[in-house]
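The values are calculated or read from the model by the stated rules, or taken from the named source; none is laboratory data. Quantities reported herein were computed from a predicted structural model and do not represent experimental measurements. No Cβ is skipped: glycine too gets one built from the backbone with ideal geometry, and neighbour counts run over all protein chains shown. The protein model used for the area step is the full one, side chains on, heavy atoms only, and it has no ligands, DNA or RNA in it. Shrake-Rupley method; radii C 1.70, N 1.55, O 1.52, S 1.80 Å.
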Amino acid sequence: MIKRLCTILMLGLLVVPAMAQKECDKKCAETFGPKKGQWQVNLVLGNYGGFYNENTSYYLVPSYTNTEGSIGLPNGGQDNSGDLNRYLNIKGMNGHSLVDLGGIQIKYFFSDCWDVNVTMGLNYNATPKKDFVEGDYENVPDMIIPSQKYINAQVTNNWFVTFGTDRYFVTPNPRIQPYLGAAVGFQMGRISVSEPYTGKIYQDAEDKNDDIEGLPEHVYLANGKVGQMFGIKAAAVAGVEYSLMKGLLLGVEFQPLSYRYDVIQICPRGFDKYNCDHHNFKVFDTPMVKVGFRF
């Protein structure tokens, strides 16, 4: 679906210069075209300008103990360790869904054909901790008291903001409003995990030989882990909007050329950060559909 919409959009952009005119019917232009001082709010569907997916916990949170383990991405130390696309959610034009609510875009027209705009979105989740509660399996074997499993305290957030400007063009049909522009965006995804009392006990060799129970794992290992990634993006923008009626618009947009720089950081408490960065250039990126209200 997205591929077809973007193909139609690209074909339309090729013929816009031939269709553009300096003047059109004044009454129709005032009815459907943008005017200085107007605002426009768009509901953005599709890739929306966000870079990362929401499922970041499986690779941003390091997995190790006080006796073993390593810090890094799941494919670290392997032949394909240079491929970070799976973690940064870099996909082709067909890899996005139109049914997802992506974000909100706000435009302000400072002239009849120029706007400044901002697109934003946020996903925040917080889970309070629950300590491990020991059970009793020995005193009354046929009527045990089961233990209660612990739950990590976890906070995740994924947010983005994009600033841009667009130049609108006049066509013989004032309902059709093509535009070209540029955009710069920033996004950050972060997860913070803190373990409560887990009931896990660590015994070293001396403890085992002397039949000593041992100490909680938290005595040997920090209970907090943090992972995050952030990126900046600069892109050219092309799109077209169609006025269904006065103040109600339907549009499609994509980025003919874009550049991204991303950094992934895994931050175990008490140790140095694990950093890796990535560069990405792409032609024909970020297809999306917009439903807008202009007033």
For Ser194, project a label point 7 Å along Cα to C-beta. Then give me every residue of the stretch 256-279 with its amide nitrogen under 14 Å of that point.
269
For the stretch 99-245, what value does the Rg/Rh ratio take when both radii are computed over Cα atoms and Rh is the Kirkwood radius, given to two decimals?
1.34
In whole Hz, the Karplus estimates of ³J(HN,Hα) for the stretch 213-218 (6.51, -1.76, 1.60; θ = phi - 60°; x where Gly or Pro) are 4, x, 10, x, 4, 5
Extension gain from Asn157 to Leu257, taking 0.36 nm per residue of separation minus the Cα-Cα distance:
33.2 nm
Could you list, in their original order, any pairs among Lys129/Lys290; Lys35/Lys290; Lys36/Lys282; Lys233/Lys273 whose Cα atoms are separated by more than 29 Å?
Lys129/Lys290; Lys36/Lys282
State the percentage of accessible surface on the stretch 104-169 attributable to carbon and sulfur atoms; use a 1.4 Å probe and exclude ligands, DNA and RNA.
62 percent
Relative to 2.2 N^0.38 Å, what does the C-alpha radius of gyration of the stretch 175-295 come to as a ratio? Two decimals please.
1.90
For an R0 of 51 angstrom, estimate the FRET efficiency from the Cβ-Cβ distance between Tyr202 and Asn173 and round to the nearest 0.05.
0.10
